[in-house]
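A short write-up of the structure that comes next.
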Amino acid sequence: QVQLVESGGGLVQPGGSLTLSCAASGSGFRINAMGWYRQAPGKQRELVATITRGSTTTYAVSVKGRSTISRDNAKNTVYLRMNSLKPEDTAVYYCNARGIKYADYKEFDYWGQGTQVTVSS
């Protein structure tokens with residue numbers, strides 16, 4: 001079983017910055033891609049950024065240029081640094097991890113419980 005624990009959310013003023021962290025715990029697995037998604041009230045969940053095990057990254061147009069996703073493979077942890085935050089960045093941010101379990105080499109796709117980010121003055 002893979003468990004994802006997110007941290008780093010909170011209230012931030014417009015123009016501010018924050019860093020989200022997500023650590024995967026458990027054993028007997030290999031994580032390939034990790035990413036961050038967000039869901040604002042009344043909207044569908046959307047991709048924010050993803051990163052492969054080899055550190056290839058993708059970003060949503062809305063955050064590109066002011067966000068950086070990174071990961072520590074040894075710690076099975078992914079980070080999202082967001083700068084120049086805007087009120088429209090307000091959402092619940094979810095961590096996602098995809099990989100394989102060594103026991104049966106089946107793929108998995110797990111989600112964290114989410115962390116609230118509110119951008120407001």
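Annotations for the structure displayed:
- Complete set of residues in region 32-56 that are closer than 16 Å to Ser70 by Cβ, in contact with a strand residue (DSSP E or B) (Cβ under 6 Å, 6 or more places away or on another chain) and not in a strand (DSSP E or B): Thr52, Arg53
- Qualifying residue in region 4-16 (condition: part of a loop (DSSP other than H, G, I, E, B), within 15 Å of the chain's Cα centre (by Cα) and in contact (Cβ under 8 Å) with a residue 60 or more places away in the chain): yes
- The residues of region 49-66 that are farther than 19 Å from Asn83 by Cβ and exposed (fewer than 13 other Cβ atoms within 10 Å of the Cβ), listed by number, are Gly54, Ser55, Thr56.
- Screening region 68-121 for residues that are of a type in the set (S, T, N, Q) and assigned to a loop (DSSP other than H, G, I, E, B) and picking the one that is most open to solvent (accessible area, probe 1.4 Å) gives Gln113.
- Every pair of residues 6+ apart whose Cβ atoms lie under 6 Å, when the first sits in region 23-40 and is within 23 Å of Gly8 (Cα to Cα) and in contact (Cβ under 8 Å) with a residue 60 or more places away in the chain while the second is part of a loop (DSSP other than H, G, I, E, B) and of a type in the set (S, T, N, Q): Ala24/Asn76; Ile31/Asn76; Ala33/Thr52
- Residue match in region 56-66 (condition: closer than 18 Å to Thr115 by Cβ, at pLDDT 95 or above and in contact with a Ser or Thr (Cβ under 6 Å, 6 or more places away or on another chain)): no
- Within region 1-30, being at pLDDT below 95, farther than 17 Å from Thr115 by Cβ and open to solvent by less than 70 Å² (accessible area, probe 1.4 Å) holds for Val2, Gly26, Gly28, Phe29.
The values are calculated or read from the model by the stated rules, or taken from the named source; none is laboratory data. None of the values given here were measured: they were computed from a predicted structure. Glycine gets a Cβ as well: all are built from the backbone with ideal geometry, and neighbour counts include every protein chain shown. These area figures cover heavy atoms from the full protein model, side chains too; ligands, DNA and RNA do not enter into them. Shrake-Rupley method; radii C 1.70, N 1.55, O 1.52, S 1.80 Å.
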